[in-house]
Amino acid sequence: MQYHTPASFEEAAALAAGAKGTTRFLAGGTDVLVQLRAGMVIPDDLIDLKRIPGVSDITRTDDGGWRIGVAVSGAQLGAHAELVADWPGVVEGMELVGSTQVQGRATLTGNLCNGSPAADSVPGLVAACASVEITGPDSSRTVAVQDVPQGPGKTCLKPGEVISALILPPRGKNAGDAYLRFIPRTEMDIAVVGCAVSLRLDGDTIKEARVSLGAVAPTVLLVDAASEAITGTTLDDAALDALAAAASAACNPIDDKRGTVAFRTEVAGVLAKRAAKIAYTRAKGA
Amino acid sequence: MSKIHVTTKVNGDTVEFLADPRETLLDCLRDRLGLTGSKEGCGTGDCGACSVTLDGTLVCSCLVLGAEVQGREIGTIEGMGGDDTLHPLQRKFIEHAALQCGFCTPGFLVAGKALLEKNPNPTEEEVRYWLAGNLCRCTGYDKIVRAVMDAAAEMRGEAA
Ligand code: FES
Ligand code: FES
């Protein structure tokens, strides 16, 4: 295994594009090192991105959004008061990943690129309309987060391509988001169902909403029907029931000992209601 | 496979070692530097026995490569007490019998110290959540939590 420390994303992409065998990018390392240890993936070339300037920074973009470096840890996100005030749902999703120690290293971009349908940080990013900047050997492009996962462990990244930053849009006024997950214990577990809701209000009425579900399909889902169910409403009981029904209808989960199909489908609706209420309250308070 | 030359700081001292690219920081601390206080329970980030601080942040040293720590600052259990003195957390662990086999103890102490630096007055719930990534197969955790709470009280200058 060769260990590389490129000084730019262009250099990282060129290294990856020129590599013959298995390549892995290293940011937080909380998945890559586990796979290495288990012998599941032993890269021929390991490309450490942490020496690239800016990868550990959280910066305001000119339009009032956020640019989050690919090596920013969960602990850093949680400690950033302004970011937490804008996007509490995004941050609380990431903070559910692993232990305090894992939070010291694990990153949003890594959680996304690992490609798990149960990744706790991804529904919040999808609901938030986040995007990623991708640097390739020849050109760069921007892709919406919901288009990155293509199946369990699969992403839209082509050989040689590397995510160079994560972008959150400006939060704007009267808006809020939230993420909830179900696990059978209180900590240190992987989502059986996860749900994020982001919405904006006009007075008491929801002007726009995005609802995303995790762990109920081969990829994290953006559920348009669920968003439509609450848009134009005041989140009254009828709207909440319609939201739950739409969320449940979108589910296509696996059946295992941690949750049956029926259970996951039901819980998706319950979490959607609860997350929507929290997002609504946050939007009111903003 | 060529080894990588790494210069870094451990507990305030500058150290150098040669790391195989696949070696973890935990391996390097134990096998290259002879600092065997940090333990390997799982090697996959689940047990916390290998806890160290990296530039002040609590991490699992089994999830960090040795090659990654060039120019950084690492804190391990070996740096916790003085030459002849114990850190209050270490003393309280003994007083409360918060260890049996002791394998998990260095990890709990390093993690506990990181908690108290961030939050000198944690609730029991905060202690339990913070330490959720540290596993102990002997004590049942209660004595560990009590020891951390008691050490926190002492460090705040409150009579325990
Ligand atoms: S040995 Fe590192 S977490 Fe278990
Ligand atoms: S004292 Fe034995 S594992 Fe904790």
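The values are calculated or read from the model by the stated rules, or taken from the named source; none is laboratory data. Computed from a predicted model, the values in this text were never measured in an experiment. Cβ coordinates were reconstructed from backbone atoms using ideal geometry, including for glycine residues, and neighbour counts include every protein chain displayed.
Of all residues in region B:82-102, which are touching a helix residue (DSSP H, G or I) at 6+ places or on another chain (Cβ under 7 Å) and either without any contact (Cβ under 8 Å) to a residue 12 or more places away in the chain or polar (S, T, N, Q) (or both)?
Once the filter is applied, which keeps residues that are touching a helix residue (DSSP H, G or I) at 6+ places or on another chain (Cβ under 7 Å) and either without any contact (Cβ under 8 Å) to a residue 12 or more places away in the chain or polar (S, T, N, Q) (or both), region B:82-102 yields only B:Q90.
Find the strands (runs of 3 or more DSSP E) located wholly in region A:1-99 whose residues include 2 or more that are under 29 Å from A:K173 (Cβ atoms), and list them.
Numbers: elements: A:2-4, A:23-26, A:45-48, A:58-60, A:66-68.
By residue number, A:58-60, A:66-68.
Please count how many residues of region B:129-150 are closer than 26 Å to B:T36 by Cα and either among the basic types (K, R) or within 16 Å of the chain's Cα centre (by Cα) (or both).
Taking region B:129-150 and keeping what is closer than 26 Å to B:T36 by Cα, we get B:130-141, B:143-145, B:147-148.
This time we only want the ones that are either among the basic types (K, R) or within 16 Å of the chain's Cα centre (by Cα) (or both), so: B:130-137, B:143-145, B:147-148.
Number satisfying all stated conditions: 13.
If B:A151 satisfies all but one of (1) more than 16 Å from ligand 2 (Cβ to nearest atom); (2) away from every other protein chain (no Cβ under 13 Å); (3) closer than 15 Å to B:K92 by Cα; (4) without any contact (Cβ under 8 Å) to a residue 40 or more places away in the chain, what's the number of the condition it fails?
It fails just one condition, (4).
When region B:44-60 is examined, which residues are found to be away from ligand 2 (no atom under 16 Å from the Cβ), small (G, A, S) and facing another protein chain (nearest Cβ under 9 Å)?
B:G45
Just wondering, is there one or more residues in region B:76-92 that are surrounded by 13 or more Cβ atoms within 10 Å (Cβ to Cβ), within 14 Å of another protein chain (Cβ to nearest Cβ), of a type in the set (S, T, N, Q) and within 16 Å of ligand 1 (Cβ to nearest atom)?
Yes, region B:76-92 contains at least one residue that is surrounded by 13 or more Cβ atoms within 10 Å (Cβ to Cβ), within 14 Å of another protein chain (Cβ to nearest Cβ), of a type in the set (S, T, N, Q) and within 16 Å of ligand 1 (Cβ to nearest atom).
Quick check on this structure: which one of B:C136, B:C101 is away from every other protein chain (no Cβ under 14 Å) and within 14 Å of ligand 2 (Cβ to nearest atom)?
Details: B:C136 fails: away from every other protein chain (no Cβ under 14 Å).
After applying the criteria, what remains is B:C101.
Working only within region B:58-78, note down all residues that are without any contact (Cβ under 8 Å) to a residue 40 or more places away in the chain and more than 15 Å from A:L26 (Cβ to Cβ).
B:S61
Out of all the residues in region B:22-31, which are crowded, with 18+ Cβ neighbours inside 10 Å and either among the β-branched types (V, I, T) or more than 11 Å from chain A (Cβ to nearest Cβ) (or both)? Quick ask: steps written out before the conclusion?
Taking region B:22-31 first, the residues crowded, with 18+ Cβ neighbours inside 10 Å are B:22-30.
Selection gives B:T24, B:C28, B:L29, B:R30.
Only one residue in B:D150, B:D55 is away from ligand 1 (no atom under 15 Å from the Cβ) and in the same structural domain as B:L29 (by TED's automatic domain parsing), so which one is that? Even if it seems obvious, please write down each step before you answer.
Numbers: B:D150 fails: in the same structural domain as B:L29 (by TED's automatic domain parsing).
Going through B:D150, B:D55 in turn, just one is away from ligand 1 (no atom under 15 Å from the Cβ) and in the same structural domain as B:L29 (by TED's automatic domain parsing): B:D55.
Out of A:S131, A:S99, report the one residue that is more than 14 Å from chain B (Cβ to nearest Cβ) and polar (S, T, N, Q).
Numbers: A:S99 fails: more than 14 Å from chain B (Cβ to nearest Cβ).
From the options A:S131, A:S99, the qualifying one is A:S131.
Quick one: count up the residues across region A:63-79 that are small (G, A, S), in contact with a strand residue (DSSP E or B) (Cβ under 8 Å, 6 or more places away or on another chain) and within 14 Å of chain B (Cβ to nearest Cβ). So that I can check it myself, show each step before the final result.
First, the residues of region A:63-79 that are small (G, A, S): A:64-65, A:69, A:71, A:73-75, A:78-79.
After this cut, where a residue has to be in contact with a strand residue (DSSP E or B) (Cβ under 8 Å, 6 or more places away or on another chain) as well, the list is A:65, A:69, A:71, A:73-75.
Then keep just the ones that are within 14 Å of chain B (Cβ to nearest Cβ); that gives A:71, A:73-75.
Adding up the residues that qualify gives 4.
Does B:L115 count as surrounded by fewer than 24 Cβ atoms within 10 Å (Cβ to Cβ), facing chain A (nearest Cβ under 9 Å) and of a type outside the set (D, E, K, R)?
When the stated conditions are applied, B:L115 passes them.
What's the number of the condition B:G71 fails, among (1) surrounded by fewer than 18 Cβ atoms within 10 Å (Cβ to Cβ); (2) within 14 Å of chain A (Cβ to nearest Cβ); (3) under 17 Å from B:C60 (Cβ atoms)?
If we test B:G71 against (1) surrounded by fewer than 18 Cβ atoms within 10 Å (Cβ to Cβ); (2) within 14 Å of chain A (Cβ to nearest Cβ); (3) under 17 Å from B:C60 (Cβ atoms), just (3) comes out false.
Out of region B:1-42, which residues are touching a Cys at 6+ places or on another chain (Cβ under 7 Å) and more than 16 Å from ligand 2 (Cβ to nearest atom)?
B:F17, B:A19, B:T24, B:L26
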